[in-house]
Amino acid sequence: MSALEDQIAAVEEEIRTTAYNKATQLHIGRLKAKLAVLRLEREARAKGRGGGVGYAVRKSGNATVGLVGYPSVGKSTLLNRLTAADSETAAYDFTTVSIIPGMLRWGGASIQILDMPGLIPGASRGKGRGREVLSVVRSTDLVLFLLDPDHPNLRALTSELEGAGVRINQRPPRIVVQHSDRGGLTVSSTVRLTHLAGGAAAQIAREFGLHNGSIVFREDATVDQLIDVLAGNRVYIIAIMAVNKSELLSAKQRAELTATLLPYEPIFISARTGEGIDTLVDRLGNALRFIRIYVKPPGRPPDREEPVILRSGDTVAGLLRKLPGELDRGFKAAQVWGRSARFPGQTVGREHVLSDEDVVTVLVARGGARAAG
Ligand SMILES: Nc1nc2c(ncn2[C@@H]2O[C@H](COP(=O)(O)OP(=O)(O)OP(=O)(O)O)[C@@H](O)[C@H]2O)c(=O)[nH]1
Ligand SMILES: [Mg+2]
């Protein structure tokens, strides 16, 4: 083991063996910060070495879903069931050795599903090409955890994702950090801090080498949330979970599994028989929160046949990326009718957040109003 790995192991051990209470709280916070910094260093070194060659994955469709699970849980069988893809399946581990995409239609949306090699404990440290797989996971919009009822250890799986900077079913902390050259560090907050009061935030920031600048809390954040913001390489992804091979399970076994997998609500499926697949597809489609935008050329009715599919939170800028390039280049303003408009036909800019079933006219500079049609 390298000196860096030794240091990481030592800090991990100390965190594990230190009892958590009021007196040790700050100490543990600083240890966690130290660990995050060491892991960033490990990441940087792995990149410097060139590591393994990453998988080249071309994203397509309106959203991308990653199939994440241990080897042999049935990820490839599920991909083949959901899409027209033909991914090799077999009764031994590591059948899949690259990323296999497939496309699933849901309503008017197309969802890209990525089958990938199974993850094993130690993946985030590079085991079983884990680092490369996790970097693909980081680029997805939704993770579908697939479990085998015989080894439903979700915790070991999620901790590999966490180790790779993936935050599951969380939103980014409302903390703003700014660096400057001098002037010391100021910490302020718009709410009362219960986890990071009395200089704790500044001490943790120092572990990251932040001595000058400001930290503004807009929520009562935890130590872990502050560390996430300071580390800066986190991605926030939604996840849902399915238990495969469930044609083998009794009602009692299902109830027991459901209890152990809280707070997830597992969907019981069988990639082999097709049981539960419709429920899974609907859960996926709903979780991705698609919105439909009807584009209306000026002076003409909106195109209600073929909405542009975006996702909740997307803006006019996101819509422009899906329309012919001249509309983006010539963009002057947009007019909006629907739930996101304060009044019918409101004029808005690129940053305006759209809602499901909005009607939008794009106004371009050259030669007056024009739009996609
Ligand atoms: N009983 C049962 N067996 C299944 C089901 N789905 C997949 N299997 C079997 O489980 C084994 C592994 O399936 P794969 O689809 O290759 O699993 P994988 O998760 O892609 O495995 P790796 O690519 O090695 O990570 C195969 O023998 C499948 O036939 C299911 O719903 N029920
Ligand atoms: Mg496979």
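Values in this text are rule-based calculations from the coordinates and carry no lab data. Not measured: the values here are computed from a predicted model. In this analysis, Cβ positions are derived from the backbone assuming ideal geometry, glycine residues included, and neighbour counts consider all displayed protein chains.
List of remarks:
- Here each label is just a point 7 Å from Cα along the line to Cβ, and for residue 287 and residue 16 those points are 3.0 nm apart.
- Shape of the chain, Cα gyration tensor, a/c cut at 1.5: oblate
- Prolate/oblate/rounded label for segment 290-364 (Cα gyration tensor, a/c 1.5): rounded
- Structure-based [θ]222 nm, the chain - -39500 (n - 2.57) summed over DSSP H runs of at least 4, per residue, nearest 500: -9000 deg cm²/dmol
- For residue 332, a cut-off of 27 angstrom between C-alpha atoms picks up these lysines, skipping any fewer than 8 places away in its own chain: 296, 322.
- Dipole of the chain, positive direction: furthest Cα of 347, 225, 266, with charges on the beta-carbon: 347
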